[in-house]
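The values are calculated or read from the model by the stated rules, or taken from the named source; none is laboratory data. Everything numeric in this text was worked out from a predicted model, so none of it was measured. FYI the Cβ positions are ideal-geometry reconstructions off the backbone, even for glycines, and counts take in every protein chain you see. Note: areas computed on protein heavy atoms with side chains; ligands, DNA, RNA excluded. Shrake-Rupley method; radii C 1.70, N 1.55, O 1.52, S 1.80 Å.
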Amino acid sequence: MRTDVAQPVRLADYRPPDYLIDTVVLDVLLHDTETRVRAKLSIRPNPAGRAGAPLVLDGDELTAKKILLDGQDISPETIFVAPDQLTLASPPRQPFVLEIETEINPSANTKLMGLYRSGPVYCTQCEAEGFRRITYFLDRPDVLSVYTTRIEAAVSEAPILLSNGNKIDAGPIDGTDRHFAVWHDPFPKPSYLFALVGGDLGSIHDEFTTVSGRKVALGIYVEHGKEKSAVYAMDALKRSMAWDETAFGREYDLDMFNIVAVSSFNMGAMENKGLNVFNDKYVLALPETATDTDYANIEAVIAHEYFHNWTGNRITCRDWFQLCLKEGLTVFRDHEFSADQRSRAVRRIADVRTLRAAQFPEDAGPLAHNVRPDTYLEINNFYTATIYEKGSEIIRMLKVLIGETAFRAGMDLYFDRYDGTAATIENFISCFAEVSHRDLTQFSRWYHQAGTPLVEAQTSYDAAKQTFTLDLKQSCKPTPGQDHKEPFVIPIELGLVAADGAPIALQTGTEDGASADELARGVLELSTPERRVTFCDVATPPVASLLRGFSAPVRLSQSVNENELIALVAHDSDSFNRWQAAQTYATRLLLRSVDLVRSGGKPCEDEAFGEALYRAIESNIGDPAFAAQVISLPSEADMAREIGENVDPDAIHVAKQALRAALGRQLAPILLQTYERLAPEGAYSPDAAAAGRRALRTACLDLYAAGVPDEGGALAQRQFETAQTMTDEIAALGILTHVPGERREQALDTFYQRHSSEPLVIDKWFILQATIPEKGTLARVKKLMEHPAFSLTNPNRVRSLIGAFASGNQTQFNAADGSGYHFLAEIVIGLDRTNPQVAARLLAAFKSWRALESKRSALAEAALRRVAQVNDLSADVKDIAGRSLA
Ligand code: 0A1
Ligand code: ZN
């Protein structure tokens with residue numbers, strides 16, 4: 001029976017817990033269907049709580065076998081036990097010990113929350129509210145306890161037994177085929193950071209010596225035979241540990257750090273103290289199975305989870321409304337790490353692409369929410385791009401506003417002051433206000449107001465006065481529950497670029513001036529609805545390069561003409577804005593084409609843009625990764641977002657294909673030449689320089705094949721046959737997959753035969769097929785669901801086939817007959833019965849439905865209503881359906 005009755009949880013209702021649990025001693029007897037968990041909880045009344053309150057412990061689908069209070073049975077009138085709650089009506093006023101034995105069935109746990117089986121491996125996932133599926137507990141992040149965990153299992157089934165902290169004991173259980181291990185974690189932690197793993201796993205080991213000379217034993221546990229595939233992850237881990245010491249002064253604190261890769265996992269990875277559990281997709285990589293993007297993602301996720309040790313674990317969240325306190329900050333830290341390990345500019349472009357692709361649509365649709373929400377129905381649905389990516393952008397803005405030195409001082413103060421506590425956003429911001437002597441009240445609106453602000457910039461040059469005037473205006477559309485927005489504090493990094501590309505010094509007079517600090521740092525603060533700044537001594541008409549490095553998560557609308565954009569592509573000293581100028585140019589071209597196509601005409605042509613890209617390839621020979629970004633056009637989803645209303649995905653697709661084909665034809669010689677020049681040489685290396693060469697080579701082949709399909713197709717075929725790396729192989733297959741016919745089917749077949757033993761590679765095969773922009777794709781997806789390599793119980797498979805179709809195939813998911821919507825609705829309804837978290841995430845693919853043209857939006861709405869009307873929906877799916885329709 002499903003017992004989810006969703007009640008909104010409100011930040012305003014926060015109260016400290018009435019009881020605290022100082023220590024937890026767990027004894028877990030692993031069994032595939034009848035695991036026994038004995039929990040011994042040392043509990044005491046919380047001086048900050050309500051004296052004499054009942055003790056209410058959370059549970060979820062639990063069966064209690066035995067309960068003792070201070071070693072005694074409890075009289076039935078004073079205890080109430082249900083699968084989702086255990087209440088002691090009048091617990092002792094003094095510290096007491098509660099012993100609870102529960103029985104759970106890991107094999108039947110398809111939600112993958114709590115203790116479950118990933119193939120043969122026992123593992124746990126407790127964030128956000130999974131610990132209550134293991135034992136009754138105060139399952140909230142502000143209850144911090146010291147855990148000692150004994151795990152017992154059959155040696156043959158689980159020779160490896162892991163938990164948080166340090167291993168303090170282990171051995172056989174005489175006279176049986178079983179053994180045990182005892183782990184102790186000295187750092188008090190919330191229950192969501194608890195983890196245990198049992199299984200027959202292979203492993204690799206290494207050691208890291210911290211800055212103060214302590215040795216930390218590192219282990220990565222994987223399926224037997226996959227040990228070599230974990231070597232890159234281990235390298236990334238050691239680099240992360242060293243980087244956190246230099247960049248943030250943070251040293252690791254336990255004697256051990258273990259990572260376990262599992263194949264069934266709802267999310268990317270989990271930062272459990274000393275025992276990170278990973279989706280194997282973010283651990284396993286060999287050149288022949290993983291692309292350069294996979295390598296970069298592994299590095300980023302390994303770093304992210306490791307960095308949580310300080311931002312999340314040592315300082316945790318007071319309540320789940322503060323989720324961005326750990327997530328936004330940790331994303332910021334992993335972005336900085338990747339920028340330092342790779343090219344800062346290229347990483348920034350990639351991060352902004354992700355923000356715009358994932359977060360901007362969230363902010364523009366019915367699922368928009370604050371970075372610090374003030375109410376939720378189901379916390380699982382708040383692991384969003386808004387909390388993570390926009391949360392990170394807020395930290396980045398803070399650094400731009402107060403400067404690097406004050407930012408580091410603020411971080412140090414935060415670590416110092418809040419170590420060992422469960423903190424809030426207010427606690428965090430107060431550290432930066434204190435060190436920078438700034439009032440950050442208005443800045444904090446970024447946490448409390450949803451929506452992407454629009455910054456409109458008008459410029460005018462006065463030749464006689466030699467002045468250049470910049471008029472900035474900010475606005476933000478209403479979002480659900482927030483009709484009116486107060487002005488944000490928007491840091492706008494800028495430069496003035498002369499026609500010949502020379503930078504112009506920033507100076508202002510007394511009227512419409514900027515502060516000396518703003519001018520010195522090249523950052524204007526827009527904190528009012530409008531602001532005018534007049535620059536003086538500007539000898540020639542300049543182009544304003546605004547929002548350099550994407551200094552704020554806003555949309556910018558600027559009065560620049562096409563020639564000025566081309567000048568920026570060529571000359572801007574800020575590489576992000578060189579890339580942005582090319583994107584803006586392409587966007588304008590595409591928008592014009594979409595209009596023409598919708599009124600029955602042909603897409604527009606424009607030679608000047610091709611010439612600008614030609615020069616960009618030539619002048620960035622030394623930075624191929626950057627050149628690759630410049631020639632990669634905005635995605636169809638980017639265009640849909642720009643158009644914003646009455647969207648027709650078919651017209652966008654036609655316009656995009658036409659532009660790609662025209663550019664491919666115009667640039668064919670240089671694309672081919674660059675492709676050949678960058679042919680692989682020497683041994684494979686996953687580093688950023690080598691990956692950059694492959695990225696440009698791939699981008700060239702892709703555009704070339706769009707313009708010159710016969711020759712391009714033949715080249716792709718040759719690359720597919722001879723590829724030595726997955727990057728090259730999948731790029732070639734991607735091109736072949738977009739051309740209907742026998743050759744495509746054969747290539748897909750060959751790829752499957754080559755990689756059928758590697759599920760993570762077969763995921764790429766699913767993704768490619770699910771994203772073919774053709775009418776037959778839905779039928780193909782349905783057929784692939786019958787394929788032996790597909791499974792509805794494995795989240796990676798579901799995301800690769802169904803998720804990619806819904807989120808990565810604009811024309812087919814949004815097919816005009818509504819078939820894509822209907823399909824997704826049925827899948828969500830079915831999947832909700834086994835894995836609500838994954839089902840709810842799939843349903844979020846409808847997040848932009850209101851922006852579609854009327855026929856499609858009506859069909860999308862009908863599909864959402866069909867989901868919403870189902871009886872017994874999980875809280876997860878009910879929440880997404882309800883908010884999407886509100
Ligand atoms: N804290 C993790 C994300 C995460 C959240 C919930 C999960 O439940 C299935 C798993 C992981 C992170 O930020 O990496
Ligand atoms: Zn995280």
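Values as computed for the structure displayed
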| read-out | value |
| --- | --- |
| Where a residue in segment 594-615 is hydrophobic (A, V, I, L, M, F, W, C) and its partner, wherever it lies, is modelled with pLDDT of 95 or more and part of a loop (DSSP other than H, G, I, E, B), with Cβ under 8 Å and at least six apart | Val594/Asp648; Leu596/Lys602; Leu596/Pro603; Val597/Pro603; Leu613/Leu667 |
| Test: residue in segment 610-628 that is hydrophobic (A, V, I, L, M, F, W, C), over 23 Å from Val346 (Cα atoms) and part of a helix (DSSP H, G or I) | no |
| Ala825 touching a residue at least 60 places away in the same chain (Cβ under 8 Å) and away from ligand 1 (no atom under 16 Å from the Cβ) | no |
| Residue match in segment 405-424 (condition: within 22 Å of the chain's Cα centre (by Cα) and in contact (Cβ under 8 Å) with a residue 40 or more places away in the chain) | yes |
| Counted residues, segment 732-754 - those being surrounded by 19 or more Cβ atoms within 10 Å (Cβ to Cβ) and either over 30 Å from Gly707 (Cβ atoms) or of a type in the set (D, E, K, R) (or both) | 1 |
| Helices (runs of 4 or more DSSP H) contained in segment 259-362 and holding at least 1 residues within 13 Å of ligand 2 (Cβ to nearest atom) and small (Gly, Ala, Ser) | 292-307, 323-341 |
| Subset of segment 862-884 [of a type outside the set (Gly, Ala, Ser) and open to solvent by 40 Å² or more (accessible area, probe 1.4 Å)] | Arg865, Arg866, Gln869, Asn871, Asp872, Lys878, Arg883 |
| Pair list, Cβ < 9 Å and 6+ apart or interchain, from segment 250-272 residues that are closer than 29 Å to Arg408 by Cβ and within 9 Å of ligand 1 (Cβ to nearest atom) to residues that are open to solvent by 10 Å² or more (accessible area, probe 1.4 Å) and hydroxyl-bearing (Ser, Thr, Tyr) | Gly268/Tyr282; Ala269/Tyr282 |
| Residues of segment 428-456 classified as open to solvent by 40 Å² or more (accessible area, probe 1.4 Å) and closer than 30 Å to Ala368 by Cβ, total | 8 |
| Top-ranked residue in segment 777-835 [being surrounded by fewer than 23 Cβ atoms within 10 Å (Cβ to Cβ) and of a type in the set (Lys, Arg); ranked as nearest to Leu859 (Cα to Cα)] | Lys782 |
| Options Met234, Met241; residue that is more than 28 Å from Asn427 (Cα to Cα) and either open to solvent by 10 Å² or more (accessible area, probe 1.4 Å) or assigned to a helix (DSSP H, G or I) (or both) | Met234 |
| Candidate set from segment 391-426 (those that are open to solvent by 40 Å² or more (accessible area, probe 1.4 Å) and closer than 14 Å to Gly328 by Cβ); member that is farthest from ligand 1 (Cβ to nearest atom) | Lys399 |
| Residue match in segment 637-660 (condition: open to solvent by less than 30 Å² (accessible area, probe 1.4 Å), within 29 Å of Asp351 (Cβ to Cβ) and free of Cβ contacts under 8 Å to residues at least 12 places away in the same chain) | no |
| Spans of helices (runs of 4 or more DSSP H) in segment 774-868 with at least 2 residues of a type in the set (D, E, K, R) and modelled with pLDDT under 95 | none |
| Conditions (1) open to solvent by 40 Å² or more (accessible area, probe 1.4 Å); (2) farther than 25 Å from Ala688 by Cβ; (3) away from ligand 2 (no atom under 16 Å from the Cβ); number of the one not met by Lys228 | (2) |
| Checklist (1) within 12 Å of Glu103 (Cα to Cα); (2) open to solvent by less than 70 Å² (accessible area, probe 1.4 Å) applied to Ala53, failing item | (1) |
| Check on Ala514, surrounded by 14 or more Cβ atoms within 10 Å (Cβ to Cβ) and under 13 Å from Asp471 (Cα atoms) | yes |
| Answer from Ser593, Ser557, Ser573 - the residue that is part of a loop (DSSP other than H, G, I, E, B) and of a type in the set (Ser, Thr, Tyr) | Ser573 |
| Residue check for Thr777: hydroxyl-bearing (Ser, Thr, Tyr) and either in contact with a Ser or Thr (Cβ under 6 Å, 6 or more places away or on another chain) or without any contact (Cβ under 8 Å) to a residue 40 or more places away in the chain (or both) | yes |
| Residue list for segment 117-154, restricted to those being away from ligand 1 (no atom under 13 Å from the Cβ), within 25 Å of the chain's Cα centre (by Cα) and not acidic (Asp, Glu) | Arg117, Arg140 |
| Unmet criterion (only one of (1) over 25 Å from His184 (Cβ atoms); (2) touching a Ser or Thr at 6+ places or on another chain (Cβ under 6 Å); (3) not hydroxyl-bearing (Ser, Thr, Tyr)) for Phe137 | (1) |
| Sole residue being assigned to a strand (DSSP E or B) and within 33 Å of the chain's Cα centre (by Cα), chosen from Leu41, Leu26, Leu68 | Leu26 |
| First in segment 528-539 and over 14 Å from Gly513 (Cα atoms), second anywhere and surrounded by fewer than 19 Cβ atoms within 10 Å (Cβ to Cβ) and of a type in the set (Lys, Arg), Cβ under 8 Å, 6 or more apart | Pro529/Lys473 |
| Any hit, segment 848-858, residues being acidic (Asp, Glu) and more than 27 Å from Ile379 (Cβ to Cβ) | yes |
| Wholly enclosed strands (runs of 3 or more DSSP E) of segment 98-192 bearing at least 1 residues open to solvent by 10 Å² or more (accessible area, probe 1.4 Å) and closer than 18 Å to Met267 by Cβ | 114-118, 121-125 |
| Single unsatisfied condition, Tyr388 versus (1) more than 14 Å from ligand 1 (Cβ to nearest atom); (2) open to solvent by 30 Å² or more (accessible area, probe 1.4 Å) | (1) |
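To keep it simple, each residue is scored yes or no on (1) out of contact with any Asp or Glu (no Cβ under 8 Å at 6 or more places or on another chain); (2) hydrophobic (A, V, I, L, M, F, W, C).
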{"position": "Val781", "(1), (2)": "yes, yes"}
{"position": "Val798", "(1), (2)": "yes, yes"}
{"position": "Gly803", "(1), (2)": "yes, no"}
{"position": "Ala806", "(1), (2)": "yes, yes"}
{"position": "Phe813", "(1), (2)": "yes, yes"}
{"position": "Ala816", "(1), (2)": "no, yes"}
{"position": "Glu826", "(1), (2)": "yes, no"}
{"position": "Pro836", "(1), (2)": "no, no"}
{"position": "Ala839", "(1), (2)": "no, yes"}
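For every residue, the table says whether it meets (1) surrounded by fewer than 18 Cβ atoms within 10 Å (Cβ to Cβ); (2) closer than 25 Å to Ala358 by Cα; (3) of a type outside the set (Ser, Thr, Tyr).
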{"position": "Ser557", "(1), (2), (3)": "yes, yes, no"}
{"position": "Ala570", "(1), (2), (3)": "yes, no, yes"}
{"position": "Trp579", "(1), (2), (3)": "no, yes, yes"}
{"position": "Ala582", "(1), (2), (3)": "no, yes, yes"}
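Yes or no, residue by residue, for (1) without any contact (Cβ under 8 Å) to a residue 24 or more places away in the chain; (2) under 16 Å from Pro287 (Cβ atoms):
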site	(1), (2)
Ala723	yes, yes
Gly741	yes, no
Asp749	yes, no
Gln753	yes, no
Phe766	no, no
